[in-house]
Amino acid sequence: MNSIKTIAGCGLVLVLMFSAPSAWGQSESKNMATSGSAVSARQSVSQTDQNVSREIKQAWSEGKNATLAMSFQEHGEIAMGEGKEREATQYFQAAEQELGTLRPEHTSSTSY
């Protein structure tokens, strides 16, 4: 009877021993996938920041006052630096919306 318990115990140990590494590997790959998606999100937000920056420069060159858009972008960069990609994205989207509403400023030139 003792030998049956010993064999059963050894069998259980072997099952646990061989199943544990595959479970660990699965959780590790899930963590790697999560960190991979975080890197992808960060790159996407960074790309959006670059696009907003280019659009702001373009707006200024067209005589548009892009001050508010710049403020949104700055807040987005701060959020991005704090690892808050979702918040950063919202700020960058607000900057893009603001840029879409801008019209060239009227300069009053007085000729004498």
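The values are calculated or read from the model by the stated rules, or taken from the named source; none is laboratory data. Everything numeric here is computed off the predicted structure, so don't read it as measured data. Cβ sites come from the backbone with ideal geometry, for glycine too, and all protein chains shown count toward neighbours. We work out accessible area using only protein heavy atoms, side chains counted, and drop any ligands, DNA or RNA first. Shrake-Rupley method; radii C 1.70, N 1.55, O 1.52, S 1.80 Å.
All of 59, 88, 38 fail the test of being open to solvent by less than 80 Å² (accessible area, probe 1.4 Å), in a helix (DSSP H, G or I) and at pLDDT below 95, apart from 38. A search for C-beta distances below 8 Å between a residue of region 56-77 that is of a type in the set (Asp, Glu) and any residue that is outside any loop (DSSP other than H, G, I, E, B), counting only pairs 6+ apart in sequence or on different chains, returns 77/49; 77/88.
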